[in-house]
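Written below as structure tokens is the structure these notes are about.
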Amino acid sequence: MTLFQIIAVLISMAAIASYLNHRFLRLPSTIGLMVIALLMSLCFVALGKLGLVELSHAAAFIRSIDFSEALLHGMLAFLLFAGALHVDLSDLASQKLPVAVLSTVGVVIATFITGALFWLGIHALGIDLPFIYALLFGALISPTDPIAVLGILKSAGAPKSLEIKITGESLFNDGIGVVIFLTILGIVVSGHEPDFSHIALFLLEEAVGGIGLGLSLGWIVYRLLRSVDNYQVEVLLTLALAAGGYSLAEVIHVSAPIAIVVAGLAIGNHGRAFAMSEKTREHLDPFWELLDEILNAVLFVLIGLEVLAVTLDWNTVAAGIMSIVVVLIARFISVSIPVLAMQFKRTFTKGAIKILTWGGLRGGISIALALSLPPSEYRDLILAVTYMVVVFSILVQGLTLGRVIRGKKSKA
């Protein structure tokens with residue numbers, strides 16, 4: 001199939017799934033779309049087992065889509081920019097310490113705890129897996145997904161301070177998580193373990209470089225926005241900032257997700273207040289909201305369809321169930337340590353640890369990272385358990401997050 005035909009099929013499926021969800025299921029948009037796509041995939045599998053359809057054609061279509069390339073080197077730029085564009089910088093600044101700690105120290109703690117527990121659990125199931133691959137799984141599954149989190153938090157009703165913590169953490173920790181993942185993947189591919197100074201320098205270059213690039217590009221576009229009063233040109237400038245800035249960050253090897261989040265925060269706050277007319281704001285917000293909705297729809301349909309590309313057997317299912325428990329335990333510990341340490345300096349919402357644990361949703365980024373793994377005898381296992389964790393995270397945690405938050409409010 002041509003690229004246009006693939007895009008046409010995905011947009012058509014997203015549109016049909018959106019209609020069905022709006023008319024019948026009435027679930028939060030991201031969850032409803034994934035449920036419908038997942039049900040469609042499972043129907044294909046069932047019909048294929050009965051010999052009524054040729055399952056290989058559907059599986060071949062899904063495998064023809066480079067999910068990792070599409071998300072990590074395309075869609076993510078626009079999704080992150082759209083998310084950051086509507087975050088109030090003053091609110092985020094008021095929670096800068098928790099956001100900074102949870103998105104850095106929290107991700108590192110979660111990576112190693114997840115890797116260690118996953119390695120122990122997988123060996124208990126009789127599956128031989130090198131520890132470095134367990135750490136690789138820990139790195140790709142530890143960052144919370146900003147796309148899943150932002151979509152579900154809108155209707156969850158979390159306290160404002162806690163919502164900012166979860167949103168801020170999810171916007172920044174995927175950049176840190178990708179850097180950790182690439183570091184561990186480099187060890188796997190090369191077979192040589194770099195020293196601590198090399199790893200620290202790599203993390204510093206990626207994170208600080210991403211922040212610097214985001215601020216620089218945000219300032220340049222802000223100056224351009226101030227010099228014109230034409231909403232078509234201004235919307236196009238923001239689109240160029242998201243696409244061009246992300247591509248430039250990848251070329252110069254700094255964190256593209258961090259760069260785009262910083263640029264989005266700059267334009268969404270300083271740029272919106274001092275460089276845009278009311279008419280521009282009236283066109284800018286609907287444009288990015290619509291683009292966000294369309295890309296989210298396509299992304300979560302893709303996640304639902306990816307089950308056709310995952311190899312499952314009873315051992316893998318058992319490993320997936322074990323992984324769900326491991327990821328939740330690691331998330332609880334990685335949240336508890338920073339929150340308890342910071343309670344000496346600031347007050348947290350009652351039940352913050354439980355809500356942060358349950359609200360740490362995983363999504364397309366984890367699947368994309370798993371799909372980017374080089375061929376090996378462990379790749380299919382890691383991909384399958386990653387998929388199971390993501391599906392559980394979005395369907396179970398996403399659907400019950402509001403109930404967990406309301407339960408904590410009623411006890412407060």
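Neighbours of Ala384, meaning other residues whose beta-carbon lies under 12 angstrom from its beta-carbon, give a summed charge of -2 when Lys and Arg score +1 and Asp and Glu score -1.
Just need the relative contact order of the chain here, percent rounded to a whole number, with Cα pairs under 8 Å and 6+ apart.
Computed value for the chain: 28 percent relative contact order.
Using the Cα gyration tensor of segment 70-146, with a ≥ b ≥ c the square roots of its eigenvalues, what is the shape: rounded (a/c below 1.5), prolate (a/b larger than b/c) or oblate (neither)? It is oblate, given that a/c is not under 1.5 and a/b is not larger than b/c. Residues in the chain average 44 Å² of solvent-accessible surface per residue, probe 1.4 Å, ligands and nucleic acids excluded. Just the number, please: carbon plus sulfur as a percent of the accessible area of the chain, 1.4 Å probe, no ligands or DNA/RNA counted. Of all accessible area on the chain, carbon and sulfur atoms account for 68 percent.
Annotation: peptides 100-108, 336-344, ranked by per-residue average of other Cβ atoms within 10 Å with the highest first, follow the order 100-108, 336-344.
What's the ranking of 135-142, 354-361 by average number of surrounding C-beta atoms within 10 Å, highest first?
On the way: 135-142: 28.5, 354-361: 24.4.
Ranking, from highest mean packing down: 135-142, 354-361.
How much length is gained if the chain between Val228 and Arg379 is pulled fully straight, taking 0.36 nm per residue apart and subtracting their Cα-Cα distance, in nm to one decimal?
Fully extending the segment from Val228 to Arg379 adds 49.3 nm.
Rounded to two decimals, the Cα-based Rg/Rh of segment 193-334, with Kirkwood Rh, is 1.12.
The sum of -39500 (n - 2.57) across all DSSP H runs of n ≥ 4, divided by the residue count of the chain, sets its helix-only mean residue ellipticity at 222 nm to -25000 deg cm²/dmol.
Values of log10 I(q)/I(0) for segment 297-360 across q = 0.16, 0.28 Å⁻¹ run -0.73, -1.10, by the Debye formula with one identical scatterer at each alpha carbon and no solvent. Annotation: peptides 121-132, 317-328, 74-85, ranked by per-residue average of other Cβ atoms within 10 Å with the highest first, follow the order 74-85, 317-328, 121-132. Scanning the chain for long hydrophobic helices, with DSSP H runs required to stretch 18 angstrom or more by C-alpha along their axis and to average at least 0.0 on the Kyte-Doolittle scale, returns 3-20, 29-49, 96-124, 160-190, 196-226, 231-251, 278-305, 314-342, 379-392. Measuring nothing but how far apart in sequence close Cα pairs (under 8 Å, 6+ apart) lie, relative to its length, segment 206-262 scores a relative contact order of 56 percent.
By the Cα gyration tensor, the chain has an equivalent ellipsoid whose semi-axes, rounded to whole angstrom, run 31, 27, 22 from largest to smallest. Extension gain for Ala243 to Ile333 (0.36 nm times residue separation, less C-alpha to C-alpha distance): 28.8 nm.
The values are calculated or read from the model by the stated rules, or taken from the named source; none is laboratory data. Not measured: the values here are computed from a predicted model. Cβ: placed from backbone, ideal geometry, glycine included. Neighbour counts: every protein chain shown. These accessible areas exclude ligands, DNA and RNA; they are computed on the full protein's heavy atoms, side chains included. Shrake-Rupley method; radii C 1.70, N 1.55, O 1.52, S 1.80 Å.
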